[in-house]
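Before any comments, here is the structure.
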Amino acid sequence: RIEVVETHHSWVFLAGDRVLKLKKPTRGELFDFTTPEARRRNAEAELRLNRRLAPETYLGVVPLALSSDGRLAFGSEGRIVDWLVEMRRLPVEDMLDSRLAERRWHPTEIRRLGDRLADFYARACPVKMSAIAFLARVSRECEASVEAFARTGQRDLEARAAPIALRLRGFLSSRRPLFLHRLRAGRFVEGHGDLRPEHVALRADVELIDCLEFSRTLRLVDPVDELAFLGLECARLGAPRLEAILFARYRRRTGDDAAPELVAFYGAYRALIRARLAIDHLKDEGMANAAKWRRRAAAYLALAGARLPRLARRHASASAVLTAAPSAAGDSGFCRSRPSPALKSPSGSLSP
């Protein structure tokens, strides 16, 4: 028996212990899947990128061919018309979102997850990023989130989102040296891009699936940002304790003792964006599920607001984020990379 699950951009076929994912011929601001060649390239990227954190799950790229008698079959015999990603099917009960829903998780498992992510970030090559481009992008995302509520007529939610966005942009301006230091120190890496509990499998060897394969720009992140995002999503599902466990393992393994206010900023920033994405569903689904998505957006705004007190109280004008002159150290250029930090074993000793 084959089950079919439809998402915004894919059809997912579940058959026994296998999963096959087929991209829809859609186009968006950051991707274009409208041709078979584009879908092939994306499938290959999905395989390559996801094998970084789930090598046993992602099996290969499978061609879908049309035979001379008009039948579709997997394999290269006939005219290839599309491409699918083949995966092993992971048990639902192993996924972190299911564990959280059932309150069936243990701190030891979360420590293993933290170690897995810390090792991944520590081994990743630092990426060069334009400091001004990064700061401007974060500021624009804050603005866009408020505009989304106005555009969909959600005035009450807009009134809650606007001061959150203003506070975040103000922090971005007043604590600009904090972000520039991390950029220059080579802390930013090519990460997962969509690190949510439903993408985490708590198995003997922790695996993380469904990375954001179609946009490298969105995968270039500060690891503290990704971990704060995962902590945020766990908190939304009723497990706020997980964030502290994850960061404790990350700090122990990498030596990156990120400021608590930075963790709070990234968490609030991600919550604001998730609120926007929730309300954007109204464009596709109309008012049929309006109450559901309004509740989801309100929950994210509450999570964002809860993190604001941990930010520095004093901050400069938000407009200074975009108007401050570049420093002599090269704000307008690309930040220098750094050697990957030494990995610490759980016992604290250094390993190559």
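The values are calculated or read from the model by the stated rules, or taken from the named source; none is laboratory data. Quick caveat: nothing in here was measured; it's all calculated off a predicted structure. In this analysis, Cβ positions are derived from the backbone assuming ideal geometry, glycine residues included, and neighbour counts consider all displayed protein chains. Surface areas here come from the heavy atoms of the whole protein model, side chains and all, with no ligands, DNA or RNA. Shrake-Rupley method; radii C 1.70, N 1.55, O 1.52, S 1.80 Å.
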Item to complete: List every residue whose amide H lies under 5 Å from the amide H of LEU84, counting only residues 5 or more places away in sequence or on a different chain, with H placed 1.01 Å from N in the peptide plane.
Response: VAL62, LEU64
Worksheet item: Among the lysines, which fall within straight-line cross-link reach of LYS128, defined as a Cα-Cα distance under 25 Å, with same-chain neighbours fewer than 8 residues apart omitted?
Response: LYS344
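Please state the charge dipole magnitude for the chain, taken about the Cα centre, from unit charges on C-beta atoms (+1 on K and R, -1 on D and E), reported in debye and rounded to the nearest 20.
Working: 61 positive and 44 negative charges, 244 e Å.
Dipole magnitude for the chain comes out near 1180 debye.
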Worksheet item: For LYS24, which aspartates and glutamates qualify as cross-link partners when the Cα separation must be under 12 Å and same-chain residues fewer than eight apart are set aside?
Response: GLU6, ASP32, ASP82
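Leaving ligands, DNA and RNA out of it, report the carbon-plus-sulfur percent of the accessible area of region 161-286 at a 1.4 Å probe.
On the way: 1980 of 3900 Å².
That share works out to 51 percent.
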Worksheet item: Could you give the distance between the Cα centres of region 203-244 and region 48-112, to the whole Å?
Response: 19 Å
Item to complete: Can you send over the solvent-accessible area of ARG140, 1.4 Å probe, protein chains only, in Å² to the nearest 10?
Response: 140 Å²
Discussion item. At 1.4 Å probe radius, can you tell me the per residue accessible area of region 144-218 in Å²?
Written reply: 37 Å²
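Using a ≥ b ≥ c from the Cα gyration tensor of the chain (square roots of the eigenvalues), is it rounded, prolate or oblate, where a/c under 1.5 gives rounded and otherwise the larger of a/b and b/c decides, a/b for prolate? Don't skip to the answer; put the middle values down first.
Numbers: a/c = 1.57, a/b = 1.34, b/c = 1.17.
Taking the square roots of the gyration eigenvalues as a ≥ b ≥ c, the chain is prolate.
With runs of 4+ DSSP H residues as the only contributors, calculate the mean residue ellipticity of the chain at 222 nm using -39,500 (n - 2.57) per run, divided by the residue total and rounded to the nearest 500. Intermediate results must be reported in sequence, preceding the final value.
Working: 12 runs with 168 residues, N = 352.
Rounded to the nearest 500, the figure is -15500 deg cm²/dmol.
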Practice prompt. Any lysines with Cα under 23 Å of the LYS292 Cα? List them, leaving off those in the same chain fewer than 8 positions away.
Written response: LYS283
Worksheet item: Taking only Cα atoms, what is the 0 to 90° angle, nearest 10, from helix 131-151's long axis to the longest principal axis of the chain?
Response: 80 degrees
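Net charge around SER139, counting only other residues with Cβ within less than 12 Å of its Cβ (Lys, Arg = +1; Asp, Glu = -1)? Each step should come with its number before you reach the end.
Values: positive: ARG137, ARG140, ARG169, ARG176; negative: GLU141, GLU143.
Once positives and negatives cancel, what remains is +2.
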Item to complete: Go through region 288-305 residue by residue and turn each phi into a ³J(HN,Hα) via Karplus (6.51, -1.76, 1.60, θ = phi - 60°); whole Hz please, and just put x for glycine and proline.
Response: 4, 10, 4, 4, 4, 6, 5, 4, 4, 4, 5, 5, 5, 5, 5, 5, 5, x
Worksheet, complete the sentence: Rounded to whole Å², per residue accessible area for region 11-74 with a 1.4 Å probe reads 54 Å²
Worksheet, complete the sentence: Amide H neighbours of GLU207 at under 5 Å, excluding residues fewer than 5 places away on the same chain, with H built from the backbone geometry, are ALA201
Practice prompt. Go through region 43-56 residue by residue and turn each phi into a ³J(HN,Hα) via Karplus (6.51, -1.76, 1.60, θ = phi - 60°); whole Hz please, and just put x for glycine and proline.
Written response: 4, 5, 5, 4, 5, 4, 6, 6, 5, 5, 10, 8, x, 7
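Hey, if we sort HIS9, HIS199 by accessible area with the 1.4 Å probe, largest down, what's the order? Could the numbers behind the result be given before it?
Working: HIS9 65, HIS199 15 Å².
The residues order as HIS9, HIS199, largest area first.
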Worksheet item: Which cross-chain or sequence-distant (5 or more) residues have an amide H under 5 Å from the amide H of ARG18, H modelled 1.01 Å from N in plane?
Response: ARG89
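Is the shape of region 47-138 best called rounded, prolate or oblate, per the rule: a/c under 1.5 gives rounded, else a/b larger than b/c gives prolate, else oblate, with a ≥ b ≥ c the square roots of the Cα gyration tensor eigenvalues?
Working: a/c = 2.75, a/b = 1.46, b/c = 1.88.
The shape class here is oblate.
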Response to the item:
So the angle from the long Cα axis of helix 223-236 to the longest Cα principal axis of the chain, reported in degrees to the nearest 10, equals 80 degrees
